[in-house]
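Engineer: Take this structure first; my questions come after.
The values are calculated or read from the model by the stated rules, or taken from the named source; none is laboratory data. Owing to the predicted nature of the structure, the values given are computational and were not obtained by experimental measurement. Glycine gets a Cβ as well: all are built from the backbone with ideal geometry, and neighbour counts include every protein chain shown. SASA here: full protein model, heavy atoms, side chains in, ligands and nucleic acids out. Shrake-Rupley method; radii C 1.70, N 1.55, O 1.52, S 1.80 Å.
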Amino acid sequence: MTNPASFKYFKTSPEIICLAVMLNIRFPLSLRNVEDLLHERGIDVSHETVRYWRNRFGPMFAAENRRKRVQQLRAFSKWKWHIDEVFVKVSGKRHYLWRAVDHEGEVLEAVVTKRRNKAAALKFLKKLMKRYGCAEEIVTDRFASYKAAFREMGALDKQQTGRWLNNRVENSHLPFRRCERAMQRFRRMRSLQKFASIHSSVYDHFNHERSLASRDTFKLTRAAALGEWRQLCSG
């Protein structure tokens, strides 16, 4: 649960702030879209206020949510991870977003770097293993920097490559891409890193693989996730 003191000097209720942050991060909506949706519900705030709430409270909500999920993930077998990177434009310059998911599609880590080389791959793998331990198998593409990084870490036997093996992580980029288009890209690397971290945590919380469950089961898990989110953000 978020510290009640976090909302001490805000006139708006924590429930409204929580709703605005969730709408902006969970769905591919622009700040002005969120402003219009809140206005339809009788809540009069500007899009800049929504931006401020996202930057102020988004990392706080994501950190608390991630802390609970890390404890759960470390308790189970970490038998396979999938790692991939995509390019993202920041003020017209190419940056790289590295993402790791587990065998169920749970986003483990998202890191932004300026370069796509051995040093960046090594930094990402070390950060990933420091937080979650070490998986039995790590699936990557055939990018040479991965092999060099695994060789330096002495974990070359854990790497797996294959034409279709990494589809799970490649598909996990799609929700972020949709939000990126709605936000009209990013202007600073720091903003990209912050949003990528928040988005992965919130997306994990509400992602229930609805195509694999019955309608009744999905409704129960969706209601449980929403209840946990409201409790997480309550002041």
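Engineer: What single numbered condition from (1) open to solvent by 10 Å² or more (accessible area, probe 1.4 Å); (2) touching a Ser or Thr at 6+ places or on another chain (Cβ under 6 Å) fails to hold for A121?
Structural biologist: Looking at each condition in turn, A121 falls short on (1).
Engineer: Separate question: With the requirement that a residue be surrounded by 13 or more Cβ atoms within 10 Å (Cβ to Cβ) and under 12 Å from W81 (Cβ atoms), what does segment 132-145 give you? Spell out the reasoning first.
Structural biologist: First pass over segment 132-145, keeping only residues surrounded by 13 or more Cβ atoms within 10 Å (Cβ to Cβ): 132, 134-135, 137-141, 143, 145.
Answer for segment 132-145, where residues must be surrounded by 13 or more Cβ atoms within 10 Å (Cβ to Cβ) and under 12 Å from W81 (Cβ atoms): Y132, C134, A135, E137, I138, V139, T140.
Engineer: Right, another one. Please tell me if R67 is open to solvent by 80 Å² or more (accessible area, probe 1.4 Å), modelled with pLDDT under 90 and of a type in the set (K, R).
Structural biologist: It is true that R67 is open to solvent by 80 Å² or more (accessible area, probe 1.4 Å), modelled with pLDDT under 90 and of a type in the set (K, R).
Engineer: Also, quick follow-up: Could you identify the single residue in G154, G227 that is at positive phi and either out of contact with any Cys (no Cβ under 9 Å at 6 or more places or on another chain) or open to solvent by less than 10 Å² (accessible area, probe 1.4 Å) (or both)?
Structural biologist: Every option except G154 fails the conditions.
Engineer: Looking only at segment 134-170, which residues are of a type in the set (S, T, N, Q) and either free of Cβ contacts under 8 Å to residues at least 24 places away in the same chain or outside any helix (DSSP H, G or I) (or both)?
Structural biologist: Passing the criteria: T140, Q159, Q160, T161, N166, N167.
Engineer: Regarding V50, is this residue modelled with pLDDT of 90 or more, of a type in the set (A, V, I, L, M, F, W, C), at negative phi and surrounded by fewer than 20 Cβ atoms within 10 Å (Cβ to Cβ)?
Structural biologist: no
Engineer: Could you tell me which numbered condition Q184 fails, if it satisfies all but one of (1) of a type outside the set (G, A, S); (2) under 20 Å from the mean Cα position of the chain (by Cα); (3) in a helix (DSSP H, G or I); (4) more than 22 Å from N207 (Cβ to Cβ)?
Structural biologist: Only one criterion in (1) of a type outside the set (G, A, S); (2) under 20 Å from the mean Cα position of the chain (by Cα); (3) in a helix (DSSP H, G or I); (4) more than 22 Å from N207 (Cβ to Cβ) is unmet by Q184, namely (3).
Engineer: Kindly check whether there is at least one residue in segment 106-120 that is over 13 Å from the mean Cα position of the chain (by Cα) and at pLDDT below 90. Show your work before the answer.
Structural biologist: Quick first cut of segment 106-120, residues over 13 Å from the mean Cα position of the chain (by Cα) only: 113-120.
Remaining after also requiring at pLDDT below 90: none.
No: segment 106-120 contains no residue that is over 13 Å from the mean Cα position of the chain (by Cα) and at pLDDT below 90.
Engineer: Looking only at segment 190-224, how many residues end up being open to solvent by less than 60 Å² (accessible area, probe 1.4 Å) and within 30 Å of G92 (Cβ to Cβ)?
Structural biologist: Residues of segment 190-224 that are open to solvent by less than 60 Å² (accessible area, probe 1.4 Å), as a first pass: 191-193, 195-202, 204-208, 213, 218, 221, 224.
Still in the running and within 30 Å of G92 (Cβ to Cβ): 191-193, 195-202.
Result for segment 190-224: 11.
Engineer: When the residues of segment 28-43 are filtered to those that are out of contact with any helix residue (DSSP H, G or I) (no Cβ under 8 Å at 6 or more places or on another chain) and at negative phi, which remaining residue is surrounded by the fewest Cβ atoms within 10 Å (Cβ to Cβ)?
Structural biologist: The selected residue is E40.
Engineer: Can you work out which of the residues in segment 86-103 that are in contact (Cβ under 8 Å) with a residue 40 or more places away in the chain and of a type outside the set (A, V, I, L, M, F, W, C) is surrounded by the most Cβ atoms within 10 Å (Cβ to Cβ)?
Structural biologist: Taking the candidates together, the pick is R99.
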